[in-house]
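Notes follow once the structure below has been shown.
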Amino acid sequence: MKYILHVDINSFFASVEELNHPSFKNKPIAVSGYTKRSVVCSANYIAREYGIKAAMPVFLAQKLCPGLTVVVPHFDQYHKYSERFTKFISEKFTNKIELGSIDECYVNITSLIDENHSPIQIAENLQKWIKNAIGLNCSIGIANNKFLAKMASDYKKPLGITTLWQNEISLKLWPQPIENMLWIGKATADLLKRNGIITIGDIAKKANLEKIKVLLNKNWLSHHQHANGIGDDQLDYSRNTPKSIGASETFLNDTADFMEIKLKLEELTHDVIARLHYHQQKAKTVSVIIKDTNFQQYSRSITFNKYVDDYDQIIVALIKLFESNFLQVVIRLVGVSLSNLIENKFLNITSELFDDFQKNDFKVEKTLQEKIAEQINEKFSKDIIGIAKNKLTSN
């Protein structure tokens with residue numbers, strides 16, 4: 001049996017701002033963009049007492065708390081603290097860790113447990129050490145697999161330490177509303193609730209199996225197993241080379257506001273770059289992904305001539321991609337992905353990476369459908385696809 005911690009930094013962005021600006025201490029703080037449509041990225045726990053939470057429109061947050069201090073995000077600082085967080089654990093505690101995102105990781109503590117060091121004692125020590133070394137508070141979940149550990153870390157915040165053993169799921173997991181379950185999105189949660197699946201316990205019940213098979217399609221088994229406490233206990237702490245690294249997020253409301261989308265692209269890019277650095281890799285291809293209001297997903301990619309891991313280069317490329325392809329599109333989700341990866345040890349690290357985008361520095365990759373359309377049009381020397389679309393529309 002394995003013992004796994006999920007370590008989650010409390011209110012990460014807002015906490016970093018408080019560390020860098022002591023004058024913010026004991027004040028309600030929200031990290032957000034600078035447009036009317038901006039949403040809260042992070043709020044400290046003083047602000048949360050007013051009902052402010054992540055993804056809330058900033059204008060509403062200011063109504064709930066007139067004295068709210070709104071801070072523009074400093075993603076470079078969040079990235080630095082993220083690296084300090086993971087480096088501290090891997091060098092001072094154990095190297096058996098797996099990075100989850102910019103502010104969380106899984107830790108395998110099985111080999112550290114003995115008669116003098118219980119899982120709870122180990123978690124308490126780690127929580128104190130992170131606070132003393134970096135200045136950040138965290139909540140820690142303890143369980144025998146990653147799913148339960150992550151659910152446990154959400155159980156009590158801030159500064160929570162929660163176990164979620166198999167014999168505790170009926171008390172701690174099953175009563176929770178279905179929207180609290182990992183990897184159940186808002187749309188899926190609404191669908192489940194309309195069909196009588198209200199709590200996580202409802203997904204666990206054998207009596208509901210046929211219903212959830214229909215509602216959750218191919219994902220029904222993994223959700224049913226998770227609800228019953230069955231999950232993956234394998235951590236990727238060997239830094240095995242992933243084929244790609246990505247992150248995405250659904251907006252609270254559909255949006256075409258470029259500044260709001262740009263802010264989210266910046267946040268997601270820092271997340272994936274933190275994981276890229278953790279795996280000691282560089283990327284050659286970067287992609288921006290969107291999902292429109294009809295739930296159709298599209299992506300566009302840029303492939304560099306050289307491998308990169310620099311935030312400025314990657315975010316410029318992603319914003320250029322978005323502006324060129326999706327600027328006027330109303331979207332519900334945006335994502336970024338790094339692919340065509342290589343480990344740093346296989347690169348000549350003294351080679352200079354280009355600083356700006358020349359004409360031959362990258363290429364925009366087209367979808368298979370676009371390539372086929374171009375071939376058809378070239379063969380007939382006219383825009384056959386466009387003509388066909390117009391005729392279908394007119395009919």
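The values are calculated or read from the model by the stated rules, or taken from the named source; none is laboratory data. All values derive from a computational prediction rather than experimental measurement. Backbone-built Cβ (ideal geometry, glycine too); neighbour counts: all protein chains shown. Accessible surface is based on the protein model in full, side chains and every heavy atom, while ligands, DNA and RNA are left aside. Shrake-Rupley method; radii C 1.70, N 1.55, O 1.52, S 1.80 Å.
At-a-glance table
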item: Local net charge near L215, Cβ-Cβ under 13 Å (Lys/Arg +1, Asp/Glu -1); result: +2
item: Helical mean residue ellipticity (222 nm; -39500 (n - 2.57) per DSSP H run of 4+; nearest 500) of the chain; result: -11500 deg cm²/dmol
item: The chain: angle of helix 75-92 to the longest principal axis, Cα-based, in degrees nearest 10; result: 50
item: Proportion of all alpha-carbon pairs of segment 139-194 beyond 19 Å (%); result: 30
item: Global form of segment 8-166, assessed from the alpha-carbon gyration tensor, a/c cut-off 1.5; result: prolate
item: Diffusion coefficient, µm² s⁻¹, Stokes-Einstein with Kirkwood Rh over alpha-carbon pairs of segment 246-329 at 20 °C and 1.002 mPa s; result: 160
item: Long-range HN-HN contacts of Q281 with modeled amide H, under 5 Å; result: N344
item: Average projected area [Cα convex hull, segment 191-315], square nanometres; result: 10.4
item: Per residue solvent-accessible surface (Å²) - the chain, probe of 1.4 Å; result: 52
item: Nearest 10 degrees, 0 to 90: helix 258-278 Cα axis against the chain principal axis; result: 60
item: Loop chymotrypsin sites (Phe, Trp or Tyr not before Pro), segment 102-211, which have at most 16 other Cβ atoms in a 10 Å radius of their Cβ (DSSP); result: W165, W183
item: Per residue Cα convex hull volume in Å³ - calculated over the chain; result: 189
item: The chain, relative contact order [Cα under 8 Å, separation at least 6], %; result: 14
item: Mean separation of Cα contacts under 8 Å (6+ apart) over length of segment 1-115, as relative contact order %; result: 31
item: Accessible carbon and sulfur surface of segment 52-153 relative to its total accessible area, %, 1.4 Å; result: 49
item: Cα-projected label distance for A256 with K243, points at 7 Å along beta-carbon direction, nm; result: 3.6
